[in-house]
1. Suppose we keep just the alpha-carbon trace of segment A:248-315; what are its Rg and Dmax in angstrom?
2. Can you tell me, using C-alpha contacts under 8 Å and at least 6 residues apart, the relative contact order of chain B as a whole percent?
3. Loop-only check: which trypsin sites (Lys or Arg not before Pro) in segment A:116-196 are DSSP coil with at most 16 other Cβ within 10 angstrom?
4. List the longest stretch of chain B that has no exposed loop site; here a site is one of the chymotrypsin sites (Phe, Trp or Tyr not before Pro) assigned by DSSP to anything other than H, G, I, E or B, with at most 12 other Cβ within 10 Å.
5. How high is the relative contact order of chain A? Use alpha-carbon pairs under 8 Å, at least six apart in sequence, and give a whole percent.
6. Once both labels are modelled 7 Å past Cα along the beta-carbon direction, what's the residue B:288-residue B:49 spacing in nm?
7. What whole-number volume per residue, in cubic angstrom, does the convex hull of the C-alpha atoms of segment B:379-439 give?
8. Give the Kirkwood hydrodynamic radius (Å, one decimal) of segment A:124-171, defined as one over the mean of 1/r across all pairs of different Cα atoms.
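The numbers here are math on the coordinates, done by the rules we state, and not lab data. Since we're looking at a predicted model, the values are computed, not measured. Here the Cβ positions follow ideal geometry from the backbone for every residue, glycine too, while neighbour counts run over all protein chains shown.
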Amino acid sequence: MLSRVADSLYWMSRYIERAEHTTRVMAVKLESMIEQTPQDAAASWSRVIEALTGELTLDATQDAFLTTRKLAFDRENGAALITSLSMARDNARQVREALSNEVWENLNRLYLRLAPVTMDSIWVHTPARLFREALEDMHALEGVTYSTLSHGEGWYFLELGKHIERAQLLGRLLDVHFRGPRDGSQNMPKYFDWLVLLKFCTAFEPYTKLYTASIRPQKIAEFLLFDPEFPHSVRFSVDRVTDALARVAPGAPPARRAAVERLAGRLKASVDFGQIDDLMSGGIAGFLADITRQCEKIHETLYASYITYGAETVL
Amino acid sequence: MQHEVFANTEDFGGPDIVAGTGRISKPGVDAPYANYELGKPFDEMFSPDGQARATYAAIDSRVSRLPLEELNRRQQAVEQSFLHQGITFTVYNDNQATERIIPTDLLPRIVTAREWDRIERGLTQRIHALNLFLRDIYTDGRVLKDGVVPRSMIYGSKHYRREMRGIPVPHGAYVNICGSDLIRNEAGDFVVLEDNLRVPSGVSYMLANRDVARRAFPAVFRSMGVRPIEHYPLELLATLRSLTPFHEDVSIAILTPGVFNSAYFEHAFLARQMGVELVEGRDLLVNDNVVYTRTTSGLKRIDVIYRRIDDDFIDPLIFREDSALGVPGLFNAYRAGNVMISNALGTGVADDKAVYAYVPRLIRYYLSEEPLIDNVETFLCREEKSLQHVLGNLDKLVVKAVGESGGYGMLIGPHASQAEREEFGRKIKSDPDNYIAQPTIQLSTAPTFVGNGVEARHVDLRPFILHGSETKIVPGALTRVALKRGSLVVNSSQGGGSKDTWVLGQ
């Protein structure tokens, strides 16, 4: 596979994952805010903004309308839903020949549907509805991707992009909930916020099946970090990354392959053998930061090994 | 969504699609042809007395019976489908990038088996002569020594590539992919307006339009025995393969300028349809005169490049050094015979305005045959007899400077003032070699759906000729349409659209 094609597939997939994450968080947030006091809703918005954009907002009275615009439709915002989708589509367009018609058309149609949406038009109805519908389209996109593309090297680059991104997004979301507020206020997440966190990750029902409906932060952390079977757990994504790395660049020199696989193995070990009790006694922020760092390192090494390597090194 | 069904039950058969059920639509009178103007130009659908030609009877019968809303609905569904498929080009203004589809018309343009036979034989003859000519001027130069074509015209052409001299080209096939623009004159004969021998585009629209017309009129399509064109990518692949001696395991790539090029959709489309790599200049590198692509597993050798980049940009070491699209060292790899480039470099010398005028003579010179398809009548001012004719008829002719394009250095005689004509006449006399003249060109008109009915619009015809170890012309073409009423400009950049072309089996 051409390195440039692998690069575009990888980024297309990362951006789609980011868009889907944003969409899901927005849908849940807009649905749940009506049940919160204004203060709690504002604190919750602050966490969402930080998780999605990395920005620290000290303003405790977040306006839902403006925040939604910023997070979903503001093209100036590099992390906005529409920006991610547009980037995903630009990458897809560059590798049209590596995608099926179905994948391209689903993605293109989704973008063309969301591109002209104005805040006023969604605010007159139930704002969450647009995000729910977009989420359905994204699930359809995921479905056609799974069922119309050969599960060869290209597909595994999509997997890599999706799960490296997902692990990091999850890490950030957990971090803002477990680390406590940075603005010095005492707005620690409450019972309802933990429930919402599970819903941000479509994890509520899978969680209750395992732990019953008793909502306990420690169990939530354990589930979202270490569950081996739930698709939105960090460990699940790390497993997919490890699997995918074994399937890409089959002809690459062993030394190059080893460099990436070693890093993935190390990351896998830290989530396979992580103990939630150890983490809860103070180390969760450090652990999450370490996961993020390891993901970044894997990304860099993946690129150096298969995509941006100097031609002179192989001639 | 892509395969939205337009058809209602009638589209799958029934009495109404049988031609000649008694109802005769009159252009300029009956809906939907109330605004259909028949003028001096040849009309594809109606004879001068307003009778629908037999080939269009089935279409006429179907179109006349479909309510306008239904035609509009089908038109919109087509546009949606193009947008979703990404069959678009991007227009930039004020930092705003807008994606537009190239408008496509529902109604097919029909070419009879007899007409096609002549076109096919004529274009085959023409591509042979043009390739012989290219081989000649890049090797012995016999045609120049014999004085058939003036030496200065070739060596002075900015598309002549000195670097190509003496380089062997497989099968002598310099031009492997050609798109010739034909028009139908007032007498109803097809003539060649222009040959595109460099990087002709549009074939993806030919194929996309087929999808459109077939879905818009399924029963009519089926009843008429339209010849298939879907094998074009296979033929193209075979043509490219025939350029290398190794037929097994040939590694072929399409070289595209990238996603910002207006024909990018076509490049990606052809790569997918043929199952070959789509590469950009930055994916390729040359080492020891061998071309490689950078893959995730390492470097992979490339044997044949179907380039969709102009000569000038292909190799910054040899041609334009500011080109970021090309590949340094590519030309040397080509010269060394380690990679085939298609079309060969330097083919543009044979499609400029001056050489165009010589093509009929080239056919006689190389093939000892009379041209089966004529050129648009062209007067070369470098020849004394023609010069006198041109100077005496400036009010009837279009005069063009051979080195110019895009309408510069041009006199449109019938629209110019007496003073302008006199001024231009002096220019011609002072440098006759630089000018050619043609009668004002009429394009035929064809029925085109315009929203509130069907009107006549000017069309041309671009078939695609493949030429490797053998010559193949898929029985179809891109019919370009000037969508503005009365306009003769069919270019997509200036309000042109396109429509499907049905070549009939008998």
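1. Taking only Cα atoms of segment A:248-315, I get Rg and Dmax of 15.5, 52 Å.
2. Details: 964 pairs, mean separation 114.3, N = 506.
RCO, chain B: 23 percent.
3. Passing sites in segment A:116-196 are A:179, A:182, A:190.
4. B:1-245
5. 22
6. 7.7
7. In segment B:379-439, the Cα convex hull volume per residue is 67 Å³.
8. Values: mean 1/r = 0.0794 Å⁻¹.
Computed over segment A:124-171, the radius equals 12.6 Å.
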